[in-house]
Amino acid sequence: MLPRTLFSEEHEIFREATKRFIEAEIVPYHDQWEKDGIVSRDLWRAAGEQGLLCCTVPEEYGGPGGDFLHSVIVNEELAKVGATGPAFPLHSDIIVPYLQAYGSEDQKNEWLPKVVSGETIMAIGMTEPVAGSDLQGIKTRADRDGNHFVINGQKVWISNGQIADLYILACKTDPDQGAKGISLILVEGNRDGFERGKNLEKIGYKAQDTSELFFENVRVPITNLLGQEGRGFAQLMQQLSQERLVVAIRCATALEASLEETISYTSERKVFGRSLSEFQNTRFKLAEVKTLAMVTRAFTDQCIGLHVKGNLTSEDAAAAKLQTTEALNKGVDECLQLHGGYGYSWEYPIARAWADARMSRIAGGSSEIMKEIISRNILPSKN
């Protein structure tokens, strides 16, 4: 693979410590978590003690005071071993940034130390049965009643839905204002009227809990409003670029890991008395996947560098998610094919990688939505 220039010596020391933690605390238990459909809460506490959660939270709020590249390392090392259960990147790099960017000082002081330590696990509720990528179509309402919001509605496909202690909810606070009537509200998991639905069964990401959430007259104080009322949609749009880059980072690394695993398998697997890797078709397919992985890595690292400097546009992020997710799905499918029937067995890592990869083209905005975003700067608007 191409040499990488993003990381300092200090980052690489952090990477080695992260690897050791994952090998000791995650790899031996991940199979059981897949059967359970959820990871252990103890893992979150241990990750917090190791400094692997919320790497960018400043020290004044109890955080490690690192940079986004520390978060990249955690994401990559989880992806290398196919650990899709521990949703550290979701918690640390997709959800907590809303609290950092829009939270009041009281909210930051109350919650940031807890999310850093792993005492409090976060989830975000955007998707609803009738509103996925079209966030303006959400139906969940938060009506003012004195010094409280009263929340009614339903969310679906919420990662960390079962295990979370604190939820950021996208709600309609003024249904007549469309996107300008959406607000973000913090909801604690122990509020009366809040109910978690069943842990949903999925074809991949089996160790990551994913749930429906139900809200019936859930009362929260108006001080739980995150940022300004009516600014929720804009706040979501401002944070989605990092979310899509986080997905891209995992996909680029997962593609490399699948290639390495397939190279090892084809070198050991015997067919007609020869190693599978000796056949021209195998070598050519591996060459194609390696080239795809190299291009994906180069593009992803370029986008990481832009993001660290604050120069990654929403179109750049959409392109990164589109390219990496499509590349991962194409590359992993080729790798599975080279495994033959064994590639369809869950006990082989490539089978899990193949099943896990499929979600990437949907979650965080589908490939079709990414194309729509990218195309806006290509073709003139007809409006």
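Descriptive notes on the structure:
- From the options 252, 207, residue that is outside the structural domain of residue 318 (by TED's automatic domain parsing) and modelled with pLDDT of 95 or more: 207
- Selection of strands (runs of 3 or more DSSP E) fully inside segment 139-179 by the criterion of at least 1 residues being within 16 Å of the chain's Cα centre (by Cα), among the hydrophobic types (A, V, I, L, M, F, W, C) and surrounded by 17 or more Cβ atoms within 10 Å (Cβ to Cβ) returns 148-159, 166-172.
- Failed item in (1) farther than 22 Å from residue 370 by Cβ; (2) in a strand (DSSP E or B); (3) under 16 Å from the mean Cα position of the chain (by Cα), with residue 124 passing the rest: (1)
- If you check 108, 35 for being over 19 Å from the mean Cα position of the chain (by Cα) and farther than 30 Å from residue 346 by Cα, only one passes: 108.
- Just one of the listed residues (123, 79) is at negative phi, in contact with a Lys or Arg (Cβ under 7 Å, 6 or more places away or on another chain) and either at pLDDT 95 or above or outside the structural domain of residue 188 (by TED's automatic domain parsing) (or both), namely 79.
- Here is the figure for segment 135-188: residues that are more than 26 Å from residue 92 (Cα to Cα) and of a type in the set (Lys, Arg) total 4.
- Number of residues in segment 293-335 that are among the aliphatic types (A, V, I, L, M), without any contact (Cβ under 8 Å) to a residue 60 or more places away in the chain and more than 19 Å from residue 356 (Cα to Cα) equals 3.
- The residues of segment 154-180 that are within 27 Å of residue 204 (Cα to Cα) and of a type outside the set (A, V, I, L, M), listed by number, are 154, 155, 157, 159, 160, 161, 162, 165, 167.
- Whenever a residue of segment 206-230 is on the phi > 0 side of the Ramachandran plot, its partners that are among the hydroxyl-bearing types (Ser, Thr, Tyr) and in a strand (DSSP E or B), lying with C-beta atoms within less than 8 angstrom and at least six residues away or across chains, give the pairs 227/183; 230/183.
- Residue within segment 283-297 that is of a type in the set (Gly, Ala, Ser), assigned to a helix (DSSP H, G or I) and under 17 Å from residue 360 (Cα atoms) present: yes
- For the residues 258, 277, 241, 267, the requirement of being touching a Gly at 6+ places or on another chain (Cβ under 9 Å) and either among the hydroxyl-bearing types (Ser, Thr, Tyr) or part of a loop (DSSP other than H, G, I, E, B) (or both) singles out 258.
- Unmet criterion (only one of (1) under 12 Å from residue 256 (Cα atoms); (2) surrounded by fewer than 17 Cβ atoms within 10 Å (Cβ to Cβ)) for residue 273: (1)
- Counted residues, segment 67-101 - those being in a helix (DSSP H, G or I), more than 16 Å from the chain's Cα centre (by Cα) and among the charged types (D, E, K, R): 0
- When residue 78 is tested against (1) in contact with a helix residue (DSSP H, G or I) (Cβ under 9 Å, 6 or more places away or on another chain); (2) surrounded by fewer than 17 Cβ atoms within 10 Å (Cβ to Cβ); (3) not hydroxyl-bearing (Ser, Thr, Tyr), just one condition goes unmet, and that condition is (2).
- Matching residues in segment 102-111 - criterion: being assigned to a helix (DSSP H, G or I) and not acidic (Asp, Glu): 102, 107, 108, 109, 111
The values are calculated or read from the model by the stated rules, or taken from the named source; none is laboratory data. Computed from a predicted structure; not experimentally measured. Methodologically, a virtual Cβ is constructed for each residue, glycine included, from the backbone with ideal geometry; neighbour enumeration extends over all protein chains shown.
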